[in-house]
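Novice: Below are the structure tokens for one structure; questions will follow.
The values are calculated or read from the model by the stated rules, or taken from the named source; none is laboratory data. Everything numeric here is computed off the predicted structure, so don't read it as measured data. Positions of Cβ are backbone-derived with ideal geometry, glycine not excepted, and every protein chain shown enters the neighbour counts. Ligands, DNA and RNA are excluded from the accessible area calculation, which covers all protein heavy atoms including side chains. Shrake-Rupley method; radii C 1.70, N 1.55, O 1.52, S 1.80 Å.
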Amino acid sequence: MSAMTHSLVRKASRFAARHTLQRWLPLRHQRAVISFSFDDVALSACTTGAALLQEYQARATFFVCGGLENQLEQGQLCHHGAQLQQLHSDGHEVACHTYSHLNCELQPLSVLQTDWDRNRQYLAELGIPASGFAFPFGAYDLGSKFAAAQRFSYSRITGGGMQQGRADLHALRAQALYADKATEQEIRNLIAQAVEQGAWLIFYSHEVSDQPGPWGSTPAQLRFALQTARAAGCDLLNIRDAIQAYQAFPA
């Protein structure tokens, strides 16, 4: 297969994945829901991030790569098992992000399935049952979306935007909360839009540091988002609990 043909096949697969295999969750709850999530789970997300969440009585979703335990990722020290256990004990959701931080669009399904099983086993050995998943890099295609749907209760992607009226549980959209990309006015506008439309907005970040890398938040930025969402009367729920709340809301 030529490089051009391979590129066209991948584009077609991504297009098909966006528009098929949906599992729709009606969003009947009238109040806006804001969820915070952290990918790769840097040490600072477990400490500084969790402390800020506690201050605002919020719980987040932490998408873990088991293979990053006590390792550096983009110059950031990552989690260790005891911290994940504490997050789980405190009511946060600890979920899967592949064991080896794989790009799911580029891997054979056999490799993905083995890696997913290894990550869930890693969490199971910590006493953490994990049913949610986020695609690393937000990268997925038709095959990986289908395979993830067989293993996980939901999958989160990236790309921005929010869930309005209904949500595809196999491709939940999320908005980056990065220090160099999301200004306070942009955060304020997103939350105001969610309130106006009764939508579900999911933020995602990585580390929480005074000097974050390109995919991290500052403590001040996270605090601003939490404070703005709380002041606007939003429900602050992790992804698992938000899904359960929507499912429990009467038709």
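Novice: Being under 19 Å from the mean Cα position of the chain (by Cα), over 20 Å from residue 247 (Cβ atoms) and of a type in the set (A, V, I, L, M) is the requirement here; does residue 139 meet it?
Specialist: yes
Novice: Only residues that are open to solvent by 10 Å² or more (accessible area, probe 1.4 Å) and of a type in the set (S, T, N, Q): list them for region 26-42, please.
Specialist: The answer is 30, and nothing else.
Novice: Of these, 79, 88, which one is crowded, with 21+ Cβ neighbours inside 10 Å, of a type outside the set (D, E, K, R) and either modelled with pLDDT of 95 or more or out of contact with any strand residue (DSSP E or B) (no Cβ under 6 Å at 6 or more places or on another chain) (or both)?
Specialist: 79
Novice: Just wondering, is there one or more residues in region 156-165 that are crowded, with 23+ Cβ neighbours inside 10 Å and touching a residue at least 60 places away in the same chain (Cβ under 8 Å)?
Specialist: yes
Novice: Kindly indicate which of 31, 10 is within 30 Å of residue 187 (Cβ to Cβ), of a type in the set (Lys, Arg) and modelled with pLDDT under 95.
Specialist: 31
Novice: Going by what's in this entry, would residue 180 be described as of a type in the set (D, E, K, R), in contact (Cβ under 8 Å) with a residue 24 or more places away in the chain and part of a loop (DSSP other than H, G, I, E, B)?
Specialist: So residue 180 fits the description; yes.
Novice: I'm told residue 201 meets every condition in (1) on the phi > 0 side of the Ramachandran plot; (2) touching a strand residue (DSSP E or B) at 6+ places or on another chain (Cβ under 8 Å) except one. Can you identify the failing condition by its number?
Specialist: Residue 201 satisfies every listed condition except (1).
Novice: So which residues in region 137-154 are on the phi > 0 side of the Ramachandran plot and surrounded by fewer than 18 Cβ atoms within 10 Å (Cβ to Cβ)?
Specialist: Listed by number, the list holds a single entry, 137.
Novice: Please give the number of the condition residue 159 fails out of (1) more than 25 Å from residue 54 (Cβ to Cβ); (2) at pLDDT 95 or above; (3) not charged (D, E, K, R).
Specialist: (2) is the only condition that residue 159 fails.
Novice: I need the full set of residues from region 87-116 which are without any contact (Cβ under 8 Å) to a residue 24 or more places away in the chain and within 30 Å of residue 57 (Cα to Cα), in order please.
Specialist: Of everything in region 87-116, just one residue is without any contact (Cβ under 8 Å) to a residue 24 or more places away in the chain and within 30 Å of residue 57 (Cα to Cα), namely 89.
Novice: It is to be established whether one or more residues within region 212-225 are among the small types (Gly, Ala, Ser), open to solvent by 30 Å² or more (accessible area, probe 1.4 Å) and within 18 Å of the chain's Cα centre (by Cα).
Specialist: No: zero hits.
Novice: Here's a check for you: in region 120-136, which residue that is open to solvent by less than 20 Å² (accessible area, probe 1.4 Å) and under 16 Å from the mean Cα position of the chain (by Cα) is farthest from residue 177 (Cα to Cα)?
Specialist: Only one residue tops the list, namely 130.
Novice: Out of curiosity, is residue 238 modelled with pLDDT of 95 or more, buried (at least 21 other Cβ atoms within 10 Å of the Cβ) and of a type outside the set (A, V, I, L, M, F, W, C)?
Specialist: Judged against the criteria, residue 238 is a match.
Novice: Does region 135-153 contain any residue that is at pLDDT 95 or above, polar (S, T, N, Q) and within 30 Å of residue 55 (Cβ to Cβ)?
Specialist: yes
Novice: Which condition from (1) surrounded by 20 or more Cβ atoms within 10 Å (Cβ to Cβ); (2) more than 12 Å from residue 34 (Cα to Cα) is the one that residue 174 breaks?
Specialist: With respect to (1) surrounded by 20 or more Cβ atoms within 10 Å (Cβ to Cβ); (2) more than 12 Å from residue 34 (Cα to Cα), residue 174 is out only on (2).
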